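> Take this structure, written in structure tokens, and hold onto it; I'll ask about it next.
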Amino acid sequence: MKPSDFSCIASEYEKTSLVQNSASDALFELLAIGETEYVMDLGCGTGHITKTIREITGGKIVGIDSADGMIREAHQNYGHLGIDFEVRPAHHLEYFEQFDVVFCNSTFQWFKPPEPALRSCYQALRKNGRIGIQAPARNVYSPNFIEAVGKVSADTSTKETFEQFESPWFFCETPEEYASLFTEAGFEIVSSKIEKITTTYTPEEVFGIFDSGAAAGYLNQSYYKLPLTQEYIDNFRSIVRSSFIEQANEDGKVELTFFRIYLIAKKS
Ligand SMILES: C[S@@+](CC[C@H](N)C(=O)[O-])C[C@H]1O[C@@H](n2cnc3c(N)ncnc32)[C@H](O)[C@@H]1O
């Protein structure tokens, strides 16, 4: 398996992104998209959630993602639904007062640092437009993933290389810290809360979930100060997989916990 980024995992993403998909339900409820509103799906991935947005509004929809592999897949699958899919980074959207809603699911943690992306979203929104984010929150964003990666950092086969990993993500610890990022960018906060969400999966499903997001950071050459070897990647994956098996309860299931920020803000 080659080092991961989102373009590499695009073809598998829809099958494995169970957690991102279910976490988006609450974001839909909070944003209550109207049936003619213009919506930007920021960090749209392969477009399966953008398709759900299409079922709600007849307005213009643009799916944006920085990974060209994701956008290719999205365009192939859902381009015929009258959705534009574009490769752009969040900090350089180049839209000005065109959207009623910016919908951003399971992506905000990648905007490091977040300020330029927030300024760009602010510009893209019309007056009274709103932005909604759902994303992993807190440094221990998932105790299960942190435990598994802790094993990688301790194992003699991976320890040395893992020390050269620089996290591509940023997390805040409280809803207030998230809120202040948005107010500093000009937004008015509608709501901000961090929820602890626990769901039960088989260890193999948890590994798939890990592969659909976290692996694009932990196994991405861009975030290491030395070249990654195939041996490191294989060892990393096998340690993480074993850890999820060890985390299973008597029924063979893992209680997978994520802390998630749900924030809605408005451009007044
Ligand atoms: C975990 S996926 C979420 C995809 C989709 N929103 C979902 O909920 O299933 C994160 C996506 O964010 C994209 N992404 C990461 N950094 C980005 C950036 N700076 N600008 C735009 N997209 C970005 C990745 O390419 C990836 O497709």
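> Taking the stated definitions as given, is A23 out of contact with any helix residue (DSSP H, G or I) (no Cβ under 9 Å at 6 or more places or on another chain) and within 12 Å of the ligand (Cβ to nearest atom)? Spell out the reasoning first.
Values: out of contact with any helix residue (DSSP H, G or I) (no Cβ under 9 Å at 6 or more places or on another chain): yes; within 12 Å of the ligand (Cβ to nearest atom): yes.
Yes; evaluated as a whole, the condition is true for this residue.
> Let me ask another. Considering I209, I239, I261, I233, which residue is closer than 20 Å to S167 by Cα and touching a Lys or Arg at 6+ places or on another chain (Cβ under 7 Å)?
Numbers: I209 fails: touching a Lys or Arg at 6+ places or on another chain (Cβ under 7 Å); I261 fails: touching a Lys or Arg at 6+ places or on another chain (Cβ under 7 Å); I233 fails: touching a Lys or Arg at 6+ places or on another chain (Cβ under 7 Å).
Criteria check complete, one pass: I239.
> Moving to a separate point now. Scan the range 66-83 and tell me whether some residue there is in a strand (DSSP E or B), crowded, with 18+ Cβ neighbours inside 10 Å and near the ligand (Cβ under 9 Å from one of its atoms).
There is no residue in the range 66-83 that is in a strand (DSSP E or B), crowded, with 18+ Cβ neighbours inside 10 Å and near the ligand (Cβ under 9 Å from one of its atoms).
> So, one more: Just to be sure I understand, how many residues within the range 178-190 are within 19 Å of the chain's Cα centre (by Cα) and open to solvent by 20 Å² or more (accessible area, probe 1.4 Å)? Spell out how you get there, then give the answer.
Within the range 178-190, the first condition is being within 19 Å of the chain's Cα centre (by Cα), and the residues that meet it are 178-179, 181-182.
Add one more test, that the residue is open to solvent by 20 Å² or more (accessible area, probe 1.4 Å), and what stays is 181.
Of the residues in the range 178-190, 1 are within 19 Å of the chain's Cα centre (by Cα) and open to solvent by 20 Å² or more (accessible area, probe 1.4 Å).
> Then there is this: For A117, indicate whether it is at pLDDT 95 or above, within 10 Å of the ligand (Cβ to nearest atom) and open to solvent by less than 30 Å² (accessible area, probe 1.4 Å).
Judged against the criteria, A117 is a match.
> If you don't mind, another one. Can you list residue pairs whose Cβ atoms sit under 6 Å apart, with the first residue in the range 89-114 being on the phi < 0 side of the Ramachandran plot and the second being in a loop (DSSP other than H, G, I, E, B) and more than 7 Å from the ligand (Cβ to nearest atom)? Count only pairs 6 or more apart in sequence or on different chains.
What qualifies is F99/Y38; D100/E37; D100/Y38; V101/I33; V101/E37; Q109/W169; K112/F170.
The values are calculated or read from the model by the stated rules, or taken from the named source; none is laboratory data. Source: prediction; values computed, not measured. Note that each Cβ is placed from the backbone with ideal geometry, even for glycine, and that neighbours are counted across all protein chains shown. Note: areas computed on protein heavy atoms with side chains; ligands, DNA, RNA excluded. Shrake-Rupley method; radii C 1.70, N 1.55, O 1.52, S 1.80 Å.
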